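Asker: After the structure tokens below, expect a handful of questions from me.
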Amino acid sequence: MHDDARGWRVLSRPVRVADGNGTLWVFAPDTADRTQLRLVRRRVLLSALLAAPLSGLLAWGLAAGAGAPLRRLTRRTAGLDPRTSTARLDHRPTGVTEVDELAATVRTVLARYDEQAARTAEALDTARSFSSAAAHELRTPLMSMGTNLDILAGHPTLPAADRDEIVADLRGEHARLLNLLVMLRALGRGDLVEAESLGAVDVSELAEAAVAGARRAAPDADVRLDAAPGVTVHGWEPGLRMLLDNLVGNALAHGRDERGRAVVRVGVYDGPHQVTITVDDQGPGVPPEARESVFERFRRGPGSDGSGLGLTLVAQQAALHRGSVTVADAPGGTGARFEVRLPSGDGGLPGRRDWLIGTAGTNRSQGFPKKPS
């Protein structure tokens, strides 16, 4: 309660006595309370004025300490330009989860950039080598075709027999040119295949398809398959089909006996850790001194009218699947046996694939052989 000059604190309590009931009133001035209240307010205000800057300074110090690893990471990454420098991020763990995760992300991005840049460079090298190889290999047959066309154009009265012979020669050259382009394109695809293209491949099924195709292409040939069902590898299906087609095609082209008969045996065998593919013929075989060079690019056998790339494709696909290919005498000593060994597990792709590029400066053919008239 208050009077005109000051305030009072009042306490009332009911009181019971023998004669009756009453109320006890106690009055006390509130001067002491006001003095204490003013003191508390001054202390609170003083504490607030002192605590605010101290808290801000402490918070700044903590934030600076926590942000130091991030600032160091920023300085290290600021000068990284993968287009002009091979320098990469050298980061040591800081103990700050977010900073370490960010550094790992930056390193991953740079590694993927390097990988893609390398693959782009390989693609460009492949394209340049493709054009160079194609220009070299196509020059001779194109010149031959041009000469034949000049003869046809310059001699309108050419006898029909001679004209038919030239036209047949032109058709043969045209077919071989197409075959060469197809082979070069296939080599380029093999050099650029990615890991995402690999999967489980039924080699027995592919061999069956290759044998069926060979029987249609050469009805006079005796082509047989010995393969257990369901023999699989982890690989690139189009590449393995090319491998089988070229091995069987090579046996049909070069594995005929002295009477011109083609007897080809294809085998697919499943081992503990690898799959073996064999193709046997009964031709003249491959001399020991030529058993490595037959897989070189543009290497042709005597009298061959092929592109010189069929067995190169076989070697490329064997290497692409981390396998091997060899040639030896066929069982019985007559003919040749080509044997491909492929790991049955997932070995991944080799680090460098340059079958179209690697021999660009060597093993060039000395001309595009023509079929005898």
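The values are calculated or read from the model by the stated rules, or taken from the named source; none is laboratory data. Only a predicted model underlies this, so the values are computations on that prediction, with no experimental measurement involved. FYI the Cβ positions are ideal-geometry reconstructions off the backbone, even for glycines, and counts take in every protein chain you see.
Asker: Please identify the pairs in which a residue from segment 216-242 that is farther than 19 Å from Glu196 by Cα and part of a strand (DSSP E or B) has its Cβ atom under 8 Å from the Cβ atom of a residue that is modelled with pLDDT under 90 and among the basic types (Lys, Arg), counting only partners at least 6 apart or on another chain.
Answerer: Note: pairs meeting the criteria are Asp222/Arg261.
Asker: Still on this model: Among Leu170, Leu187, Leu152, which is part of a helix (DSSP H, G or I) and at pLDDT below 80?
Answerer: Leu187
Asker: Test Gly95 against the criterion of being exposed (fewer than 10 other Cβ atoms within 10 Å of the Cβ) and modelled with pLDDT of 70 or more, and give yes or no.
Answerer: no
Asker: Whether any residue in segment 318-331 is in a loop (DSSP other than H, G, I, E, B) and at pLDDT below 85 is what I want to check.
Answerer: no
Asker: Turning to a different aspect of this structure: Considering only residues of segment 173-213 that are surrounded by 16 or more Cβ atoms within 10 Å (Cβ to Cβ) and small (Gly, Ala, Ser), which is farthest from the chain's Cα centre (by Cα)?
Answerer: Applying the filter and picking the extreme gives Gly213.
Asker: Something else now. State whether the residues of segment 56-75 include one that is modelled with pLDDT under 75, outside any helix (DSSP H, G or I) and surrounded by 11 or more Cβ atoms within 10 Å (Cβ to Cβ).
Answerer: Taking every residue of segment 56-75 in turn, none turns out to be modelled with pLDDT under 75, outside any helix (DSSP H, G or I) and surrounded by 11 or more Cβ atoms within 10 Å (Cβ to Cβ).
Asker: Sticking with this one: Of the conditions (1) under 13 Å from Asp222 (Cβ atoms); (2) touching a residue at least 24 places away in the same chain (Cβ under 8 Å); (3) not hydroxyl-bearing (Ser, Thr, Tyr), Arg259 satisfies every one except a single condition; which number is it?
Answerer: So the condition that Arg259 fails would be (2).
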